[in-house]
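The values are calculated or read from the model by the stated rules, or taken from the named source; none is laboratory data. Owing to the predicted nature of the structure, the values given are computational and were not obtained by experimental measurement. Cβ atoms come from the backbone with ideal geometry, glycine included; neighbour counts cover every protein chain shown. With ligands, DNA and RNA removed, areas are computed over all heavy atoms of the protein, side chains included. Shrake-Rupley method; radii C 1.70, N 1.55, O 1.52, S 1.80 Å.
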Amino acid sequence: MSGERPGPGEGPVEAVEEVLQSDAPAEVKIARLWPVVSGAAALLFVVLLATVIFYRQADKPFGFELAWMNALVAARAPVWTIPALVLDQVGGGISSIVYVPLVIIGGLLIWRRPWAALYYVIAAVTSGVIVTIIKNLVGRPRPTAILVQPDFGSFPSGHSATAALIATTLAIIFWRAWVWVAGLVYTLLMMLSRTYLGAHWILDTVGGMLVGVGVGIVLWAPFALRLYRERRRPHPPIWVKVDRHPATPGASGHTAE
């Protein structure tokens, strides 16, 4: 890539102007509008779902939710129940509040991503607060064929929201295809496990997923430029000394992640 700006008539300017320095200069432009609109739309859809569920026949499940739940209950077996219970422990309780966040925050700080750590913390807290508020406002009853002891309120799924929030924030932070794929698989497995265990109806998991994705995208906007600059720097662990001197002009001072 030459790094030159396109001249008149040579095509549109890219949303993010790639630069070869390890620190992106001030003139880098990052398009925030449509990502933020998409994230806000996801959160708005959660509000609409919550409204429909709240006012529909005393929070009764939809027919397709009952059919899906009955099919999963009929298919229950130890080979599926054990991994579902593992996901229940990883995605909820003290693990989701303390252990998993500490691992993520510690890893980001050790590998020199303080802005990414701050972004993740704010997004995780915001997602948790939103889930708690909606749970208490909607008060949807949980399924009766339940194998775990969850907290109050079925909509939205806190486990699904946390999984989607982790997947979204880490995908934005690292911007690697394998991170996106791993995050998607983890989120879908968490959503499936919540319905398999009878802890949530399908729409509860969809609502939780949308909360996590929406919050992760919307809160990315104020951190976008800092995360972009931070991503372009080298990330050896903090105990490895880094040369602070800028690269010689014309040299390939860019370090790939």
**Item:** Accessible surface, the stretch 126-203, averaged per residue in Å² (probe 1.4 Å)
**Value:** 43 Å²
**Request:** Output the relative contact order of the stretch 111-232, whole-number percent, from Cα pairs under 8 angstrom with separation of 6+ residues.
**Result:** 36 percent
**Prompt:** How much of the accessible area of the stretch 142-193, probe 1.4 Å, is carbon plus sulfur, in whole percent?
**Reply:** 76 percent
**Among 120-127, 228-235, 37-44, 201-208, the order from most to least packed when residues are scored by Cβ within 10 Å on average** = 201-208, 120-127, 228-235, 37-44
**Request:** Would you mind classifying the stretch 143-206 by shape? Square roots of the alpha carbon gyration tensor eigenvalues, ordered a ≥ b ≥ c; an a/c under 1.5 is rounded, otherwise it is prolate if a/b is larger than b/c and oblate if not.
**Result:** prolate
**Request:** Consider just the alpha-carbon atoms of the stretch 73-227 and return their Rg together with their Dmax, both in angstrom.
**Result:** 15.5, 50
